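The values are calculated or read from the model by the stated rules, or taken from the named source; none is laboratory data. Note that the coordinates shown come from a computational prediction; the quantities given were computed from them, not determined experimentally. Glycine also receives a Cβ, built like all others from the backbone with ideal geometry; neighbour counts cover every protein chain displayed.
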Amino acid sequence: MDLRKAVLSWQYAERQKAGIISISKMLMSLPDYPKEERAGASRMLIAVIEEFRADAQTAAAATGNNEFKKVANALSEMISLTESSQFGLATERAGEGISAATTVAQSAWEVLSKHGVL
């Protein structure tokens, strides 16, 4: 990985990790919403997940790193599970996305460290 791709990869990976962590916290709170509010809250959360999925797809295209495709796939599964009100399983899929993003971040960190950037 060259220095430019390392910077891009690290930025995208860190943003994905932070976003997925926030999304998983929101997913965990959905069951506590009053039943009449859950459908609307789910729709809004799905819109947020879709934005992060689009960002993961952009990251895959910009960096050529297939781990971002794994992030996007995990986010797609989270959307499907949220649509079917399986919030616990959706939160588990968040872990898969975080793991894939962490793999990218670690690889990028090594390159950036080697070049004295970080």
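General observations
- So R43, is it loosely packed, with under 13 Cβ neighbours inside 10 Å, assigned to a helix (DSSP H, G or I) and either among the hydroxyl-bearing types (S, T, Y) or out of contact with any Pro (no Cβ under 7 Å at 6 or more places or on another chain) (or both): yes
- Condition broken by G19, with the remaining ones in (1) over 11 Å from the mean Cα position of the chain (by Cα); (2) more than 19 Å from G88 (Cβ to Cβ) satisfied: (1)
- Among the candidates G97, G64, residue that is touching a Leu at 6+ places or on another chain (Cβ under 8 Å) and at pLDDT 95 or above: G97
- Given (1) surrounded by 20 or more Cβ atoms within 10 Å (Cβ to Cβ); (2) touching a Ser or Thr at 6+ places or on another chain (Cβ under 8 Å); (3) assigned to a helix (DSSP H, G or I), index of the condition N65 fails: (3)
- Test: R38 is surrounded by 14 or more Cβ atoms within 10 Å (Cβ to Cβ) and touching a residue at least 24 places away in the same chain (Cβ under 8 Å): yes
- Residue within the stretch 76-84 that is farther than 18 Å from W10 by Cα, in a loop (DSSP other than H, G, I, E, B) and without any contact (Cβ under 8 Å) to a residue 60 or more places away in the chain present: yes
- Tallying residues that are surrounded by fewer than 17 Cβ atoms within 10 Å (Cβ to Cβ), free of Cβ contacts under 8 Å to residues at least 60 places away in the same chain and within 27 Å of E110 (Cα to Cα) within the stretch 9-32 yields 4.
- Evaluation of L89 against (1) more than 14 Å from Q16 (Cα to Cα); (2) touching a residue at least 12 places away in the same chain (Cβ under 8 Å); (3) under 16 Å from the mean Cα position of the chain (by Cα) (one fails), failing number: (2)
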